[in-house]
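Each remark here refers to the structure printed beneath this line.
What follows draws every value from the coordinates through simple rules; no lab data is involved. If you're wondering where the values come from, they're calculated on a predicted model, not measured in any experiment. Don't worry about glycine lacking a Cβ; one is built from the backbone with ideal geometry, like all the others, and counts go over all protein chains shown.
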Amino acid sequence: MPGLLASLLPHDLGHLRILAELWGLELDAHERDAAADELSASLLDLDLVRETLDVLPANARLALDALLAARGRVPWAEFARRFGEIREMGAGKRDREHPHRHPVSAAEMLFYRGILARAFFDTEKGAREFAYIPDDLLSVINREAREGREENAGEVLGRPATPVEKTFEIPANDHILDDATTLLAALRVGRAEWHSAPQLPALLHTSKILKKNIPQAEAVKKFLEAPRFEALSLLAEAWKSSTTFDELRLIPSILCEGEWKNDPRETRQTLLNFLNATPPNQWWSFPAFIRDLKLKHPDFQRPAGDYDSWFIKRASDGQYLRGFAYWDSVDGALARFIIQTMHWLGLVDLAAPEEGKEFTAFRLVEKSTQIDRYTSKQGKITIASNGKISVERFASRAIRYQIARFCDWDEEKRDEYQYHVSARSLKRATEQGLKAEQLLALLVKVTKGNVPPALVKALKRWEANGTEARAESQTILRVTRPDVLEELRKSKAARFLGEPLGTTAVIVKSEAVPKIAAALAELGVLLDVIEPPAL
């Protein structure tokens, strides 16, 4: 985009004097080009920019934030529709009516301050007019915003938690690593029924471990083989810097609609600054933190306090949550969700008045405590001769991931994952390019050669012969006389009859039982359907 000087040069001297007036400057130059040079140098001063932005009217600040959110450039038609037009008038009319003193729109407020300019730029669809912030001025405004956030970093919101608020402690843990291992294995074996919280796939995508829901081999290997603290840190750092992990759209109690955009990374960093300012090793009141956040910094995620253009509704009843009246349901819920995400990532301990209640206190987990808590421990892997494999939570995640790809999954126990080898699981693994001999080699390595002989034999026979025994459920039709079965074979229902089991019994397709019953009824025979006993 053009810089400030290039944006000022098309304007006459009268316009530049208006601009200087609104910035509180004395303009010494008496010619347009010299005045443009003088102004372009003065307006790029950080302190002056800060002072000017501080006194911008709310609607002008909203328009500015919309431009900043779009990286300084918005199609003019879209910008004017939201923030108003700039009245066209010649120099004479302008100097008589002083439109800068009585602006009719947010666009005019920014235009007469030189913050907003208009120009045509080339696009894929040809030349198009845009509203834009001059490039060098945009850099200064962005710098001012960053330093403003840093100034807030040391501000402490809230107060220490009361004894009641911190009664039931919920220490942070590293179970997310185990859930991530399970999810990655589930995606590889096609277990669509295994569901995780929606933030887990989102986190693995932002960590580049998943791409379009497909595990990325090298990233998965690095993640699973890393010590637990390092793997947890990898996820936490990816979350902190992510522009795609959008907590607002992951909150289960609300639904976001429309094409409006928020900035999850900036919002997250603002909240982290406030949270990191709380005293170390101190239980902190969440209700008090939220109260101060709402009182002192309610717009922490909203450009210039815009509570109307974001289309958000309550998931439970579809009620739209527009306006500041719904701050607790949206902005307050976001702050709670971000702290819960930090707990999930092992960064924050939580506490509640009693078990099962929502948390009312939090405490940041210091780095030294994280290292002690999440240091890798030894976990056992137990293999039975019938093909059952038990993997403790602290066993190698990389090995569990591989075992899970070869096995059927049984119900998890506390801190232990249960699997078993079957013909079906080995067939599925074969379809993914895996071999039974690879599982055997893995188990031999894990047990240092102590794999039960029966399982060794079964895996080797599978590798050589494939499935050698099969059990399947069948529906059997039995009649009392052979002639009934012969008549049925001559009817339209004959196509539903399968392998004969003697002269009075035959296998039938279970879904065809109603048609068999109808055909028998036409023969004057009523079918008695015996339901299998409940297990």
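Does region 168-373 classify as rounded, prolate or oblate by the C-alpha gyration tensor (a ≥ b ≥ c root eigenvalues; a/c under 1.5 gives rounded; else a/b over b/c gives prolate, otherwise oblate)? Could the numbers behind the result be given before it?
Values: a/c = 1.82, a/b = 1.25, b/c = 1.45.
It is oblate, given that a/c is not under 1.5 and a/b is not larger than b/c.
The stretch between His98 and Asp306 holds 72.0 nm of extra length on full extension. This uses 0.36 nm per residue minus the Cα-Cα distance. For region 288-330, the residues whose backbone nitrogen is under 12 Å from a point 7 Å from the Cα of Glu155, taken along Cα to Cβ, are 292-301.
Gain in length, His30 to Ala6, computed as 0.36 nm per residue apart minus the alpha-carbon separation, to one decimal in nm?
On the way: separation 24, 0.36 × 24 = 8.64 nm, distance 1.84 nm.
Fully extending the segment from His30 to Ala6 adds 6.8 nm.
For Lys492, the aspartates and glutamates whose Cα comes closer than 18 Å to its Cα, not counting residues fewer than 8 places off in the same chain, are Asp483, Glu511, Glu522.
When only the Cβ of Lys, Arg, Asp and Glu is charged (+1, +1, -1, -1), the dipole of region 475-522 relative to its Cα centre reaches about 100 debye. What would the Debye formula give as log10 I(q)/I(0) at q = 0.21, 0.22, 0.25 Å⁻¹ for the alpha-carbon point model of region 165-263, no solvent? With one equal scatterer per Cα and no solvent, log10 I(q)/I(0) is -1.17, -1.23, -1.41.
For the listed residue pairs Lys221/Lys367; Lys388/Lys445; Lys212/Lys388; Lys261/Lys313; Lys313/Lys413, the alpha carbons are over 27 angstrom apart in Lys212/Lys388; Lys313/Lys413. Ratio of Rg to Rh for region 1-44: 0.91 [Cα atoms; Kirkwood radius as inverse mean 1/r over pairs].
The Cα center of region 314-354 and the Cα center of region 258-272 differ in position by 14 Å.
Could you order peptides 83-90, 236-243, 106-113 by the average number of other Cβ atoms within 10 Å of their residues, highest first? Kindly include the intermediate steps, with their values, before the conclusion.
Values: 83-90: 14.6, 236-243: 16.2, 106-113: 22.5.
Ranked from most to least packed, the peptides come out as 106-113, 236-243, 83-90.
Our summary gives region 381-465 a relative contact order of 30 percent, counting only alpha carbon pairs under 8 angstrom and 6 or more residues apart.
Would you compute, from DSSP H runs of 4+ residues alone, the mean residue ellipticity of the chain at 222 nm, taking -39500 (n - 2.57) per run and dividing by the full residue count, rounded to the nearest 500? Write out the running numbers ahead of the final one.
Details: 23 runs with 237 residues, N = 535.
Value at 222 nm, helices only: -13000 deg cm²/dmol.
Spin-label model, Trp260/Ser422: points 7 Å from Cα along the beta carbon direction are separated by 5.0 nm.
Extension gain, Arg118 to Glu218, is 31.2 nm, computed as 0.36 nm per intervening residue step minus the present C-alpha separation. Which of the aspartates and glutamates could a cross-linker span from Lys208 if the Cα-Cα distance has to be under 15 Å and same-chain partners fewer than 8 positions apart are dropped? Within the straight-line limit of under 15 Å, Lys208 reaches these aspartates and glutamates: Glu218, Glu237.
Taking other C-beta atoms within 10 Å as the exposure proxy, Cys256, Cys407 rank Cys256, Cys407 from fewest upward.
What shape does region 4-152 take by its C-alpha gyration tensor, where a ≥ b ≥ c are the square roots of the eigenvalues and a/c under 1.5 counts as rounded, a/b above b/c as prolate, and the rest as oblate?
Values: a/c = 1.38, a/b = 1.07, b/c = 1.29.
Rounded, because the longest to shortest axis ratio a/c is under 1.5.
Restricting the trypsin sites (Lys or Arg not before Pro) of region 346-437 to loop positions (DSSP other than H, G, I, E, B) with no more than 12 neighbouring Cβ atoms within 10 Å leaves Lys357, Lys377, Lys380, Arg414. Each label was represented as a point 7 Å from its Cα along the Cα-to-Cβ direction; for Phe324 and Thr447 these points are 6.8 nm apart.
The relative contact order of the chain, computed from alpha carbon pairs under 8 Å that lie at least 6 residues apart in sequence, is 12 percent. Please label the shape of region 475-522 as rounded, prolate or oblate, based on the square roots a ≥ b ≥ c of the eigenvalues of the alpha-carbon gyration tensor (a/c under 1.5 means rounded; beyond that, a/b larger than b/c means prolate, else oblate). Because a/c hits 1.5 or more and a/b fails to exceed b/c, region 475-522 counts as oblate. For P(r) over Cα pairs in 20 Å bins from 0, in percent, the value computed from the atomic coordinates appears in the list (i) 21, 55, 23, 1; (ii) 16, 33, 28, 16, 6, 1; (iii) 18, 48, 26, 8, 0 under label (ii). Aspartates and glutamates near Lys427 by alpha-carbon distance under 20 Å, same-chain residues fewer than 8 away left out - which ones? Reachable aspartates and glutamates: Glu193, Asp408, Asp410, Glu437, Glu463, Glu468, Glu472.
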